[in-house]
1. All but one of (1) touching a Cys at 6+ places or on another chain (Cβ under 7 Å); (2) surrounded by fewer than 23 Cβ atoms within 10 Å (Cβ to Cβ); (3) in a helix (DSSP H, G or I) hold for TYR48; state the number of the condition that does not hold.
2. Please give the number of the condition GLN220 fails out of (1) at pLDDT below 95; (2) more than 20 Å from the chain's Cα centre (by Cα); (3) of a type outside the set (Gly, Ala, Ser).
3. So which residues in the range 274-320 are free of Cβ contacts under 8 Å to residues at least 60 places away in the same chain, in a loop (DSSP other than H, G, I, E, B) and in contact with a strand residue (DSSP E or B) (Cβ under 7 Å, 6 or more places away or on another chain)?
4. Which residues, counting only those in the range 83-117, are closer than 25 Å to ILE295 by Cα, within 23 Å of the chain's Cα centre (by Cα) and not acidic (Asp, Glu)?
5. So the check is Cβ under 7 Å with 6+ separation or different chains; which pairs have a first residue in the range 156-174 that's more than 13 Å from ALA200 (Cα to Cα) and a second one that's among the basic types (Lys, Arg) and surrounded by fewer than 24 Cβ atoms within 10 Å (Cβ to Cβ)?
6. Do the conditions hold for SER268, that is, is it modelled with pLDDT of 90 or more, not in a loop (DSSP other than H, G, I, E, B) and not acidic (Asp, Glu)?
7. Mind telling me which of the residues GLU93, GLU47 ends up being in contact with a Pro (Cβ under 7 Å, 6 or more places away or on another chain) and modelled with pLDDT of 95 or more?
8. Would you be able to say whether some residue in the range 138-158 is within 20 Å of the chain's Cα centre (by Cα), small (Gly, Ala, Ser) and more than 14 Å from LEU212 (Cα to Cα)?
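The values are calculated or read from the model by the stated rules, or taken from the named source; none is laboratory data. All values derive from a computational prediction rather than experimental measurement. FYI the Cβ positions are ideal-geometry reconstructions off the backbone, even for glycines, and counts take in every protein chain you see.
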Amino acid sequence: MAIQTLDSSNTKYDLLSLGECMIRLSPGGHGRLEYAQNLEVWAGGGEYNVAYAVTRLGLRGGFVSKLPDNPVARILINHARAVGLDTSNIIMEKYDGIGRAGRVGLNFTEVGTGVRASVTMYDRGQSAISLADSSEFDYKDIFENQKTRWLHTGGIMSALSPQCAKIVNEAAAAAHANATVVSYDLNFRSKLWSSEDAIAANTKIAPHVDVLIGNEEDFQKALGFEVEGVDEDLKELPIESFKRMVEQVVETYPNIKVVCTTLREVKSGLINNWSGILWHEGSFYESNRFEDLEIEDRVGGGDGFSSGVAYGFLNNMEPQEIANFSAAHGALLQSTGGDTSQITLEEVEHVAKGGSARIKR
């Protein structure tokens, strides 16, 4: 079954994302946190990154979340508004002055190099969205009155608390009931929840999903599907085994119309092989492959791919074109620092069509 989206003339948004946005603090370059005298400030968060990227590419994006009304949260709001990302569906609550009742989540990230991997340390407990209740969100207004063509959310939001998993499930159900396409990035994070808890939550959410995104680890640990031939360290992905697993997923959840994932082979902290694969209407489409991709900062690459998938379907691209576009956007996003996209539509189209990095004068 093909993806069908609502007409843009009858909707306020092309895409809404539901999730947590955070402040990322990183040493400059490839420095270590314990020796840092200064930290760079970046805005980010899996779902936030997708909404930000599609807005930068020219779509009408919006973000749904909850934040404390303080200057740290304003960094995130200002960053969103700089590209035109709508923030009117972010609940702003009075800050208690200490962050006990709700705060902005932080993550501290070291950008790896050589044989040293990138590392993220979370400081996101008691964040405002993790303490939110589903009754605070007016799904009828968002999906029936405002209307959006696409809702993107994922396993990071669901993992924050049982209430967040309920929020995601109810939002996905409301969106699906109003003909909004729902994409869900499994995005398993072992620091946030166990595999058992992830599977229990995601099996409730999956029946409301149209586009399912995840790598082999995500499908195994967040949805309970095994990929044959994958070693314990998940160093290599047998493509044919992944394809067989996808066929099991769509048989179990016939509502799912698209399944996609990035394919990353890590040669070093700064050199990866990169590509993507997309299943749609019974066929698989493999993207252009970026051999020995030089990376400035890998964080957000998968969100770049996910935003490319949404952008492609919302603009009626063919599946192979979407696969190439999404992989190109993810590759380009990793050429800059920070989590959110600094990439233009012209750059993505150029690379997706096989264009080189030859200097433009």
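1. Every condition holds for TYR48 apart from (2).
2. Going through (1) at pLDDT below 95; (2) more than 20 Å from the chain's Cα centre (by Cα); (3) of a type outside the set (Gly, Ala, Ser) one by one, GLN220 breaks only (2).
3. Selection gives SER287, ARG289, ILE295.
4. Within the range 83-117, VAL83, LEU106, ASN107, PHE108, THR109, VAL111, GLY112, ALA117 meet the criteria.
5. Going by the 7 Å Cβ cut-off, the qualifying pairs are ILE156/ARG189.
6. The answer is no for SER268.
7. GLU93
8. yes
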